[in-house]
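The values are calculated or read from the model by the stated rules, or taken from the named source; none is laboratory data. Note that this is a predicted model, so its numbers are computed, not measured. Using ideal geometry, Cβ is built from the backbone for each residue, glycine included, and neighbour counts are taken over all protein chains shown. Only protein heavy atoms, including side chains, enter the accessible area calculation; ligands, DNA and RNA are left aside. Shrake-Rupley method; radii C 1.70, N 1.55, O 1.52, S 1.80 Å.
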Amino acid sequence: LQPKAKMEKHIDSWMDNLLLLSDSYKVSHWRQYPAGTQYVYSYFESRGCDREGWNEVCFFGLQYFVKRYLVGTVVTREKIEQAAKLYEDHFSDADMFYREGWEYILDKHGGKLPIKIKAVPEGMVVPNKAVLMTVVNTDPECFWLTNFLETLLVQVWYPMTVCTNSRQQKLSISRYLAETGCDDWAPPAGSGYKLHDFGFRGVSSVESAALGGLSHLVNFLGSDTVIALVAAQEYYGARKAVGHSIPASEHSTITSWGTDGELDAMRNMLEQYPQGLVACVSDSFDVFKACRDYWGGALKEKIKGRISENSFGQLVVRPDSGDPEETCVSIMRILLQQFAEGVTITPTGHKLLPPCIRLIQGDGVDWESIPKILQRFKEEGFAAANITFGSGGSLLQKLNRDTFKVAFKCSEVVLGNGESREVFKDPITDSGKASKKGRLTLQLASDITSYAPEDIYMPRQGDDGVKGGTGYLHFTPDGKYVTVASNKGDPDKDLMVDIFENGELLQDWKFSEIRRRADLQNGPFLSVPEEEEEAEEKPAEEEVVVEAKANGVQANGVPSQPSTQPLGSAPAGQMPHIPKLQPFPASSAFRSTSVPASNMQAVILQSPGGAARMAAAGQGVPAQAPGQCQVRVPSYVAAPPQDGAAPKARGPSFVAAPPGVAQASGVRGPSFVAAPPGAAPQASSPSRVPSRVPAPNSPTALYYPGQGSQPAAIVRSLPQQVNRPSFVAAPPGVVAGSATARPSFVGAQPGAYPQQAMSPVMMYSPSPSLQGTVRPGVVRIPGLGQTMPQRSASVGVGMGLGQRMA
C-alpha cells in the first residue's frame, strides 16, 4: 500500500489537474481550426426534454464547477508534465498534447485561464431551447481552450437536471396540497418538507451525491444526503445546514428484535425519541397489521401523548414495499379509522390525520408516481398533507444528459483578418440538432419591439432548404424569452451575466437567493429574507443589545439594559407618528408578492432602517400608551381603499385591514385572518385561513398599545421562526371564554392555555413573560417556561396543528 501522504497527493493531482479533465479527442483539436483562428465562441443550451410537459429547466450548478476547477491558478509546471507523460502513453505520440499552448498560459497568465463565461443566474427557470451559458477565450493565442473546457462545463447538465426533476415534483405536490384544501404554506407546512432526498447510496460517486443532493435542496428542505449540506457551505455561501432530517429506523433495527418483537421495537422507537418527529419503517412483516394493531392499537395512546401542553411529537409511518399507490391508500384508510377522533376536514372536504401521525412513502417514488398517488388521495378524500415522499435513485440518478438534450456548440470564430464567421450545424438526418449562429444574448421577448417576420428563426425547410435556417430571433414556445443570434442582441438587456473571466470569479451566488429565484408561489423560500437566512447566529442577548444600540432603542425604558426583544423591533412608545408610511424597500423578500405599502394608516410596517414603525391615525384606534408594541418585520401587508376601488392586499406573511375600511374592500392572503374579541365568527376557523374576510372583522388596530408597561403583543412572524405566520393578537384584558378568533394563534393569558388556546403553533401572551427570542423551529409557551421543538425535517408537521380545539 502507498503511504497515506503519497496516496493523498496522488488523489489530489488526479482530481485537480484540469489538463486531464477532458475527452481524449479534444487534446488533438488545437491543430484542427482554420489557420489564423483567434477566438472561438460557444454556447450551452437545452434542446428540449424527453419527458412530456417538462418545457423549462431550472439552471443550477455552474458555480460549483467554476469554483472547484477553474478559479485561480489551475495550470502549473507539475500538471503540464503529468499530462504530457500520460498523453504520450495514451496516444503513442509525444506531439499530440499541446504543451506549448499550456506553457503559454502558465507563462503569460500565471496559470489562470484566459476565458470568459456568461450564464443566466442560478435558480432561474428558463424555457427549453434558450441559451443558458456562453464561453469565449480572451487571448487570441488560446482559441483552442474554449471547447477544450466543453467536457467539464457540460457536466452542468447533471445538477440542472436534478434540480428541475426535483422542482417538477414540487409543482405536483403543491398542486395537490392546494386542491385538497391544505392552505397553510409556511414551513414546516406547505411543500418545503414534502420530498426527502434518500439518494446518497444510489448515485455513482460522492461528488454526484454532493452536487445532486444540493440541487434537490434548491427546492426542498429535507435530505439525508449529508455531503450536500457541506457542498452548500463550501460552494454556495451557506452558513448553516440547508437541509434537515429526523431520527428514523431501518429494517435491521426493527427485525433484530425478532419476529415476535416487532411491537417492542416500535415501542422502543417512541420511547427513545419521546419528542419531535420520528419515522419508523413498518413493513418488515405485515404493514397493515402494524398500522392497525400496533400504531393504531397498542401504541395509540403513546402516539397521541406525544402532543401535550409542553411538548410536540409526531410518528411518521413508513411502508417500504408493495404497489406505492395501493399500499398508501390502504394504510391511510386504516390510520383514519384508528385515529378517527382526531381527524379533521379541510376546506375542500378532505380528511386530515391528527398532527401526531403522518405517512411517508419512500419506495418507488418519482416524478410520475407522486401525482398518481396524490390524485388517488384526492379521489379517496384524503388531504395531500397526510403524506410525505422520499426518493433516492429516481431523484438523483435516474436521468442523463439527454433528459434535457443539452449541448455545447461553437457558434462563431474570429479569424486573424478580423473576419467573424458564423458557425453552426444542421444535420439532414436530425433537425433537432440544428445549432444557433453567431454571438448570442438571452432577452425578454418584450424587449424586441421592432422586427420583420423574416427575422424570426425558421429551421431549414426540406433537404434543399437553407442550411442553418433563416432568421435570428429564437423565441421560446411560451413567448416570454428570445435568444437573439447572429450578434444582433442588445448586451445591455442580456439576461446572462458575467460569471468568470481570466481566472477570477465575478459572480458568487448565495444559496438563499438561488432558492428564492427557483421557488414557486406559496413556496417555502419566497418569504425568507436573505439577511435572515444568511446571517451568522449570535446569542439572543448579544444580538438584541447590538441592534438596540444601533437603533438607539431603550429596553423597558432603561438605557442599554440587556433585553430579549426581537431584532427589528422597538418599544411602541418611542415610535414616531408617521402620517405616510414608506413602501417596502426594494430588497424586501416580499417585493414580488405584496402591494406597495404607502398611504396606510393605523398599521405597522417595515421602513428603511429596519425598525418597526407605528402610525395610529385611523378612527377608533386606541391611543398609544407607554409600553411595548413590537413587530418582527417584515410581517404586514395591507391596502386601504383607493378612489372607491376595492383593492386586495396579498402577502405570504400577514394580511390585515386598517380601521374604517369598507366591507367591500376585503383583504386577501393565505396566512392571516383575524377578528378582535367579540367579532362575528367570520374568522372562527381554528387554523384554516379563508381566502377573504370582510375588513371590519379584522383587528381595529394591528397591535393594540399596551396598558401601562405591558406590551399588547410581541410578534415574530417570519416562517422560519414559527410554524405558522398567521396569528391573532388580543389586547390586554382578554379573559378566558371571550370570543377571540383562533387561526393558529390566540393571544390569551397563560391561564387560558390550553383550554382557550389549543394551538401550540405560535403562542404570544400580552405579558413580559414572553419577551424572549423565538428561535427557528421552537415556540415559547408563556407561563410554562418551556420551549417546544416544532421543526419538521421531512413530513410537514405544521399541517394540522391547531386545527382542533378542546
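Figure legend. Inter-residue proximity from segment 284-303: first residues modelled with pLDDT of 95 or more, second residues surrounded by fewer than 16 Cβ atoms within 10 Å (Cβ to Cβ) and assigned to a loop (DSSP other than H, G, I, E, B), beta-carbon distance below 6 Å, spacing 6+ or different chains. No pairs are indicated. Looking across V365, V317, V343, V329, one residue alone is buried (at least 22 other Cβ atoms within 10 Å of the Cβ), within 27 Å of S172 (Cα to Cα) and out of contact with any Gly (no Cβ under 8 Å at 6 or more places or on another chain). It is V317.
Look at E78 and say whether it is surrounded by fewer than 19 Cβ atoms within 10 Å (Cβ to Cβ), in a helix (DSSP H, G or I) and either among the basic types (K, R) or in contact with a Ser or Thr (Cβ under 9 Å, 6 or more places away or on another chain) (or both).
Numbers: surrounded by fewer than 19 Cβ atoms within 10 Å (Cβ to Cβ): yes; in a helix (DSSP H, G or I): yes; either among the basic types (K, R) or in contact with a Ser or Thr (Cβ under 9 Å, 6 or more places away or on another chain) (or both): yes.
Taking the combined requirement at face value, the residue satisfies it.
Considering each of Y158, Y193, Y176 in turn, give the residue that is hydroxyl-bearing (S, T, Y) and closer than 15 Å to Q375 by Cβ.
Numbers: Y158 fails: closer than 15 Å to Q375 by Cβ; Y193 fails: closer than 15 Å to Q375 by Cβ.
Matching residue, one of Y158, Y193, Y176: Y176.
Of all residues in segment 239-262, exactly one satisfies the criterion of being closer than 11 Å to S282 by Cα, of a type outside the set (S, T, Y), without any contact (Cβ under 8 Å) to a residue 60 or more places away in the chain and open to solvent by 40 Å² or more (accessible area, probe 1.4 Å), namely E250.
Look at segment 209-225: where a residue is free of Cβ contacts under 8 Å to residues at least 24 places away in the same chain and a partner is among the aliphatic types (A, V, I, L, M), sitting 6+ places away or on another chain with Cβ atoms under 8 Å, you get A210/I227; A210/A228; A210/V230; A210/A231.
In the condition set (1) under 30 Å from A232 (Cβ atoms); (2) open to solvent by 30 Å² or more (accessible area, probe 1.4 Å); (3) not β-branched (V, I, T), D494 is compliant with all but (2). Within segment 144-182, track down each residue that is crowded, with 23+ Cβ neighbours inside 10 Å and not in a helix (DSSP H, G or I). Of everything in segment 144-182, those that are crowded, with 23+ Cβ neighbours inside 10 Å and not in a helix (DSSP H, G or I) turn out to be L149, T180, C182.
Taken over segment 462-521, the criterion of being among the hydroxyl-bearing types (S, T, Y) and in a loop (DSSP other than H, G, I, E, B) is satisfied by Y472, T476, S486. In segment 405-423, the residues that are under 30 Å from E56 (Cβ atoms) and part of a strand (DSSP E or B) reach residues that are of a type in the set (A, V, I, L, M, F, W, C) and modelled with pLDDT of 95 or more with C-beta atoms within less than 6 angstrom, at least six apart or across chains, in these pairs: V406/W157; F408/F44; F408/V154; C410/V40; C410/V423; S411/V423; E412/V423.
Scanning segment 305-329 for residues that are more than 24 Å from F377 (Cα to Cα) and out of contact with any Leu (no Cβ under 6 Å at 6 or more places or on another chain) returns G305, R306, I307, S308, E309, S311, F312, G313.
With the condition kept exactly as written, say whether any residue in segment 277-298 is open to solvent by 40 Å² or more (accessible area, probe 1.4 Å) and within 28 Å of E179 (Cβ to Cβ). Yes, segment 277-298 has at least one match. Kindly indicate whether any position in segment 383-394 is open to solvent by less than 20 Å² (accessible area, probe 1.4 Å) and in a loop (DSSP other than H, G, I, E, B). Yes: one or more hits.
Restricting attention to segment 431-479, which residues are open to solvent by 40 Å² or more (accessible area, probe 1.4 Å) and of a type in the set (D, E, K, R)? Of everything in segment 431-479, those that are open to solvent by 40 Å² or more (accessible area, probe 1.4 Å) and of a type in the set (D, E, K, R) turn out to be K433, R439, D447, E454, R460, D463, D464, K467, D478.
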